[in-house]
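Heads up: the structure comes next, in structure tokens.
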Amino acid sequence: MLFTSLNFWSLDQEEWLAPSPEAKRTVYDLADVPVFLDASNEMTISDILEGEDNLIFTDYEKFAKRQFRTGINYWAKLNIKLPDDVGVGRILEMHDHNIYELEFYQVFPDGSYTSVKEGSSIKWHDREMGYKNFTFPLNASNGENQVIFVKISSPYQVDTHFAIKTYEGFLERAVSEYVFLGGYYGIFFLLFIYCLASFIGLRERLYLLFLGYIIMLGIYFSSRDGLGFQYFWPSFPIFNVYSLNMAKYVGIIIGGAFYLYFFKVEGVVKNYWRFFWMGSLIWTVIFLVANYAESLVILSYIFDWVPPFILVLFSIVNFRRSNSAFKILAISIFILGASLLINEGVVNGIIPFNFYTHYFFRVAYLFHVIMIFVALGDRLRLAKLAQKEALIKLNQEEMDKAAALEELNQQQQENIKLANKVNEELEQKVAERTTEIKAKQDELELANEELAKQAEQIHQMNILLDTDNYKLKKKWKEERSNRVKAKRLEYEEFLELFPDELACYRHLENIKWSEGYECLKCGNEKFFKGSQKFARRCTKCGYNESITTNTAFQGVKFSIQKAFYIAYVVNSKFDITQDKLAKILDLRIGTVNAFNKKLQEYERKHKNEMEFL
């Protein structure tokens, strides 16, 4: 305790924060006070006070939001010397609602301290003051020195500016800020209602996407200023961890889809959707990974800039050749890009933090959204103008059609008159022609009757001729058969009976299967056409039986006509030598002799089957 007291009174050697008596609000940041970084995240206020002489406090020349390191505890030491203005109370305020864990410690000369726990990690109703920013009352008497330790910890980068305000300045600023934000969100609400009514009336996807975009903007900004936590999820502080980044992530996806759909409707975008969804998928993966890997947060910032950069570049490229609605939307995108650049400059400390730069980003977004509504309205104006021009063109086309129909009607009247005249002439000619045809028809009927009588006489004569012809053919066959049996036919005469091989095979077929077909393998009596002419295949076992199988002509290597003639000579017992028969048939004597023996052998076994020749 004694060590702490001595350490406290040695503060005269350190720099004090001394707000002016006339100033209602004085703003500082971590560059104005010594800061200790607790990488272990385990030190308490007691550890800080007891080991203060051994701790290394960092004095930043400049501190910006982008320098904030997540995952460690910041201990800022505020040596405050209040001005000697009796009756004027003061309050310490930090405006960044997204600081997840925030603790104020006021250390007194005797080593004791009081503490207030703030931050977005606690429920709204557990706060010391029902205000969107984090506050800590400075309770020392005016003119006295105060030592305030502020512990700051957050899983994402936050703004660490703080202000020392008089109570009068605090109330004025709080009232003004709530009035401003009320009007700000009121404009958003009116735009939301108008867009919702437009979607219900027009049923166009473009307005639905814009509704989602407005909702994400509302969640994003209400997460930044704390009004969302105050009015919508006061009992769920865990939502503060994800609402800001998730609203930004979903807002970029929906906004990008809205812009591309708007461009597509206006005929500018053709095949960019594939690239948009591919980029969204990559951005989503990087975003999810960056939330768990601190080293990849920089990639998330890069991808935060990719969609706006693409939209700005696309707007510049297509600005001249587009219509007025597209130009207005392109201007809104330029406003968005400018606000993002200025905000990034403030976050990185390039642009000074003040009232104007703090609210410029929010106001620029409001103008951005208003310009989008203007673009949508101009788009409706262009649509109505196009509709009006289309109606004028349609009316002109209808008038042209009416004139054409009138002209066509007149032409049809003339055509009807001409058709009537032609019909009268045709009727007259048809009547004359009908009379001629009637006379010709009567003549034809008489001629037909005469022809019918002649046809009947010819029919009777044909019947008599057919009868005589049949008798002659029968007599000729009988005489030919008697001649065949009576004497030997020469080969040329034999060929008159069997002029080709088909006649031989047909005769052989009638003899072989005269009593019906029966399979040699299985005895089946049903068959269908075989693989060769006149062959038969069994329907049961599939055996293919040729016309010469199991006959004296099976395996004959010369003409079947010659084989028939040899069989005829052998069967008729004509006296003819083998040499002469071979010479007649132009065969070798050996061939004739071999087939002669085959026939004699076959005759002994099948005497009756040889008689057919």
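The values are calculated or read from the model by the stated rules, or taken from the named source; none is laboratory data. The model shown is predicted, which means the values in this text are computed figures rather than measured ones. Here the Cβ is made from the backbone with ideal geometry for all residues, glycine too, and neighbour counts use every protein chain on show. Keep in mind that these areas ignore ligands, DNA and RNA; they rest on the heavy atoms of the full protein, side chains included. Shrake-Rupley method; radii C 1.70, N 1.55, O 1.52, S 1.80 Å.
For the stretch 97-215, what size does the Cα cloud have along each of its three principal axes, sorted from largest down, in whole Å?
Over the stretch 97-215, Cα extents along the principal axes are 71, 33, 24 Å.
Skipping prolines and chain starts, which residues have an amide H placed within reach, meaning under 5 Å, of the one on Y113, given they are 5 or more residues away or on another chain?
Correct list: F108.
Mind ranking 379-390, 548-559 by how tightly packed they are, going by the mean number of other C-beta atoms within 10 angstrom, highest first?
548-559, 379-390
Output wanted: per-residue J couplings in Hz (rounded whole) for the stretch 195-210, from phi through Karplus 6.51 cos²θ - 1.76 cosθ + 1.60, θ = phi - 60°, x for Gly and Pro.
3J(HN,Hα) across the stretch 195-210, in whole Hz: 5, 5, 5, 5, 5, 5, x, 9, 6, 10, 4, 4, 6, 5, 5, 5.
With the Cα gyration tensor of the stretch 335-468 in hand, convert its eigenvalues to equivalent ellipsoid semi-axes via √(5λ) and list them largest first in whole Å.
Here the semi-axes work out to 101, 32, 7 Å.
Going by average Cβ density within 10 Å per residue, which order do the peptides 331-344, 515-528 take, highest to lowest? Display every interim value, and only then the final one.
Numbers: 331-344: 18.4, 515-528: 11.9.
In decreasing order of mean packing, 331-344, 515-528 become 331-344, 515-528.
Between the stretch 176-251 and the stretch 525-541, what's the alpha-carbon centroid distance in Å?
What the calculation gives is 90 Å, centre to centre.
Spin-label point model (7 Å from Cα, Cβ direction): what's the K401 to W305 distance in nm?
For K401 paired with W305, the spin-label model returns 5.8 nm.
Determine the share of the chain's accessible area contributed by carbon and sulfur atoms, expressed in whole percent, with a 1.4 angstrom probe.
Accessible surface attributable to carbon and sulfur in the chain totals 58 percent.
Can you give me the distance in nm between label points at Y491 and I122, each placed 7 Å from the Cα along the Cα-to-Cβ direction?
Modelled inter-label distance: 13.4 nm.
Find the accessible area per residue for the stretch 549-603; the probe is 1.4 Å, ligands and nucleic acids are left out, and the unit is Å².
Roughly 51 Å² per residue, with all protein chains present.
For K580, which aspartates and glutamates qualify as cross-link partners when the Cα separation must be under 14 Å and same-chain residues fewer than eight apart are set aside?
E490
Under 8 Å for C-alpha pairs, at least 6 residues apart: give me the relative contact order for the chain, rounded to a whole percent.
9 percent.
Using the Karplus equation 6.51 cos²θ - 1.76 cosθ + 1.60 (θ = phi - 60°), what ³J(HN,Hα) coupling, rounded to whole Hz, does each residue of the stretch 355-372 give in order, writing x for Gly and Pro?
For the stretch 355-372, the Karplus curve yields 4, 6, 5, 5, 9, 4, 4, 5, 5, 4, 5, 4, 5, 4, 5, 4, 5, 5 Hz.
If eta is 0.890 mPa s and T is 25 °C, what Stokes-Einstein diffusion coefficient results for the chain, Kirkwood Rh from Cα pairs, in µm²/s?
After rounding, the answer is 66 µm²/s.
Over all distinct alpha-carbon pairs, what is the Kirkwood Rh of the stretch 517-588 in angstrom?
Mean inverse Cα-Cα distance, inverted, gives 14.3 Å.
Between S115 and L196, what's the calculated FRET efficiency when r is the beta-carbon distance and R0 is 41 Å? Round to 0.05.
It comes out at approximately 0.30.
Which of the residue pairs K327/K384; K557/K597; K526/K605; K393/K417; K512/K583; K533/K562 have a Cα-Cα distance greater than 24 Å in the structure shown?
Long pairs (Cα-Cα over 24 Å): K526/K605; K393/K417; K512/K583.
Rolling a 1.4 Å sphere over the protein heavy atoms, what is the accessible area per residue of the stretch 109-249, to the nearest Å²?
Per residue, the stretch 109-249 has an accessible area of 44 Å².
How big is the shadow of the Cα convex hull of the stretch 8-83, averaged over all directions, in nm²?
It is 6.2 nm².
Across the stretch 381-395, in residue order, what do the Karplus-derived ³J(HN,Hα) couplings come to in whole Hz, using 6.51 cos²θ - 1.76 cosθ + 1.60 with θ = phi - 60° and x for Gly and Pro?
4, 5, 5, 5, 4, 5, 5, 5, 4, 5, 5, 4, 4, 5, 4
Report the extension gain between E177 and S572 in nm, rounded to one decimal, defined as 0.36 nm multiplied by the number of residues separating them, less their alpha carbon distance.
128.2 nm
Just order 427-437, 564-574, 150-160 by mean Cβ neighbour count inside 10 Å, highest at the front, would you?
For the peptides 427-437, 564-574, 150-160, the packing ranking is 150-160, 564-574, 427-437.
For the stretch 129-288, report the translational diffusion coefficient in µm²/s to the nearest whole number, using Stokes-Einstein at 20 °C, 1.002 mPa s, and a Kirkwood Rh over Cα pairs.
So the translational diffusion coefficient is about 112 µm²/s.
Near the amide H of F57, under 5 Å away, which other amide H atoms are found, from residues 5 or more places off or on another chain, if H is placed in the peptide plane?
Under 5 Å from the amide H of F57 lies no amide H from a residue far enough along the sequence or on another chain.
For L17, which sequence-distant residues (separation of 5 or more, or a different chain) have an amide H within less than 5 Å of its own amide H, given hydrogens modelled in the peptide plane?
Result for L17 returns N79, I80, K81.
Using 0.36 nm times the number of residues separating K580 and E61, minus their current alpha carbon distance, what extension gain do you get?
Here the segment from K580 to E61 would lengthen by 172.8 nm.
What does the charge count near P352 come to, summing +1 for each Lys or Arg and -1 for each Asp or Glu among other residues with Cβ under 15 Å from its Cβ?
In short, -2.
By how many nm would the segment from Y517 to T357 grow when fully extended, if each residue of separation counts as 0.36 nm and the alpha-carbon distance is taken off?
46.3 nm
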